[in-house]
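So the structure is just underneath, and the comments pick up after that.
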Amino acid sequence: MPRPDTPVAPLGALTEFELRRIRLDLVTPFRTSFGSQTERDILLVRARFDDGDRVVDGWGECVCMSEPLYSSEYVDGAQQVIERYLAPLLFAAATAPTISTGPSAAAVAPLIGAIRGHPMAKAAIEMAVLDAQLRWHETNYASHLGIGRDRVPSGVSVGIFDTLDTLLTEVSAYVEQGYRRIKLKIEPGWDLEPVAAVRDLIGPDLPLQVDANSAYSRHDIDHLCRLDEFDLLLIEQPLAEEDLLGHARLAEAASTPVCLDESIISLTTASDAIETGAAEIINIKPGRVGGYLEARRIHDLSAARQVPVWCGGMLETGIGRAANCALAALDGFTLPGDISAASRFYARDIVTDPIVLDDGHVAVPEQLGLGFELDHEFLDAITTSTQTLRG
Ligand code: OSB
Ligand code: MG
């Protein structure tokens with residue numbers, strides 16, 4: 001096993017990780033350029049800290065999908081890399097209960113940095129430790145971040161459909177519910193027409209944006225420029241994850257701002273994408289960048305460079321959705337995020353107080369930790385496997 005070669009802050013008295021897999025049905029199929037989903041197989045991580053006096057649990061949610069179609073990570077792989085590499089490194093660094101300083105999320109990334117890649121697996125672990133840290137100190141994530149707002153405007157991500165009629169029915173329902181921004185998934189063959197029809201339906205004032213999940217190539221730049229006439233807020237990740245130059249060329253050619261999602265995997269890529277003109281707007285997804293701490297750094301950098309950011313979503317349960325709500329209340333998040341009501345995806349959430357839509361906004365959670373309490377009965381009912389790891 002690799003060892004950290006630089007001294008790091010103490011992690012705290014970590015005694016146990018539980019890796020829990022749950023199964024949740026989506027209320028309606030969600031189709032993107034990379035595939036269609038009807039249910040989710042989600043990995044949750046529980047981190048237990050025990051200093052002899054007190055036992056505190058923290059929970060994290062791994063945002064990767066079942067298959068490596070959005071990015072290279074997938075849920076079985078994430079569980080395996082945690083079990084084989086990440087958890088052992090953290091157990092090796094856990095402090096004796098007698099000298100415990102409490103859980104420290106900042107200690108996590110340096111301890112597991114020798115393991116390449118796997119940002120979503122790493123983020124899930126760090127998130128569980130962060131939740132435990134906040135609960136240990138009886139505070140919550142919004143206070144920890146110094147959030148002043150109590151709610152943030154909510155956007156909704158709308159999938160691809162077989163017909164325009166179905167799409168328009170779906171969009172009408174979301175507009176009716178009060179969402180403040182609509183995002184349409186697009187792909188070659190499903191772009192200009194649906195965008196024109198939806199713009200026509202919702203009128204000129206409701207913000208509209210599109211997301212291609214890398215479905216186009218540099219040869220499509222002229223075609224993508226035809227979206228300019230629909231006055232879109234942004235076009236999200238039209239080209240491949242690696243194609244920063246292509247995105248910079250598109251940004252040069254199109255009047256619609258180019259926003260990157262998949263390409264932004266760290267503070268460094270965010271900085272480079274801004275510098276090279278590949279990203280005019282950034283979608284911040286904590287899981288994709290290795291955790292909430294790196295997400296905050298990207299927010300701070302973007303704010304300093306006056307680049308607008310918004311908080312992306314990965315169909316999170318109430319764990320990730322609560323944390324995203326608090327994060328998205330930071331001042332630099334000037335655009336509505338993909339933080340819709342839990343009911344947009346799930347009939348029942350695993351938390352006692354699911355995120356709801358109120359006047360087109362979602363409330364910054366006030367509960368302890370990342371901002372949720374689990375509904376343990378329901379969680380147990382949908383659990384498909386449980387693996388316990390001990391140091
Ligand atoms: O590209 O933003 C994306 C969902 C899964 C994977 C990737 C993406 C999405 C979404 C949905 O667009 C966002 C959400 O509301 O959770
Ligand atoms: Mg996206």
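The values are calculated or read from the model by the stated rules, or taken from the named source; none is laboratory data. These numbers come from a predicted model, not from an experiment. Cβ: placed from backbone, ideal geometry, glycine included. Neighbour counts: every protein chain shown. SASA here: full protein model, heavy atoms, side chains in, ligands and nucleic acids out. Shrake-Rupley method; radii C 1.70, N 1.55, O 1.52, S 1.80 Å.
Table for the structure above
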read-out	value
Single condition Thr386 does not satisfy, out of (1) surrounded by fewer than 22 Cβ atoms within 10 Å (Cβ to Cβ); (2) assigned to a loop (DSSP other than H, G, I, E, B)	(2)
Restricting region 189-214 to residues that are in contact (Cβ under 8 Å) with a residue 40 or more places away in the chain and open to solvent by 30 Å² or more (accessible area, probe 1.4 Å), the residue that is nearest to ligand 1 (Cβ to nearest atom)	Ser214
Every residue from region 252-277 that is over 20 Å from Ala303 (Cβ atoms) and either in a helix (DSSP H, G or I) or in contact with a Lys or Arg (Cβ under 7 Å, 6 or more places away or on another chain) (or both)	Glu252, Ala253
Leu330 vs. criteria part of a loop (DSSP other than H, G, I, E, B) and within 16 Å of ligand 2 (Cβ to nearest atom)	no
Exclusive hit being surrounded by 17 or more Cβ atoms within 10 Å (Cβ to Cβ), more than 23 Å from Ala381 (Cβ to Cβ) and in contact (Cβ under 8 Å) with a residue 24 or more places away in the chain, set Leu24, Leu44, Leu14	Leu14
Residue in region 340-358 that is within 15 Å of ligand 2 (Cβ to nearest atom), under 18 Å from the mean Cα position of the chain (by Cα) and of a type in the set (Ser, Thr, Tyr) present	yes
Region 266-285 residues that are under 13 Å from Glu236 (Cβ atoms) and within 16 Å of ligand 2 (Cβ to nearest atom), paired with ones that are assigned to a strand (DSSP E or B) and of a type in the set (D, E, K, R) (beta carbon under 7 Å, 6 or more apart)	Asn283/Glu236
Complete set of residues in region 161-184 that are open to solvent by less than 10 Å² (accessible area, probe 1.4 Å) and of a type in the set (Lys, Arg)	Arg181, Lys183
Residues of region 158-174 that turn out to be away from ligand 1 (no atom under 16 Å from the Cβ) and within 19 Å of Gly313 (Cβ to Cβ), as a count	0
Some residue of region 147-157 being under 20 Å from the mean Cα position of the chain (by Cα), surrounded by fewer than 21 Cβ atoms within 10 Å (Cβ to Cβ) and either assigned by TED's automatic domain parsing to the domain that holds Leu69 or within 16 Å of ligand 2 (Cβ to nearest atom) (or both)	no
Ala92, sole failed condition from (1) buried (at least 19 other Cβ atoms within 10 Å of the Cβ); (2) part of a helix (DSSP H, G or I)	(1)
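Let's see how each residue does on (1) assigned to a loop (DSSP other than H, G, I, E, B); (2) closer than 20 Å to Leu19 by Cα:
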site	(1), (2)
Gly290	yes, yes
His299	no, no
Val307	yes, no
Glu316	yes, yes
Asp353	yes, no
Gln367	yes, no
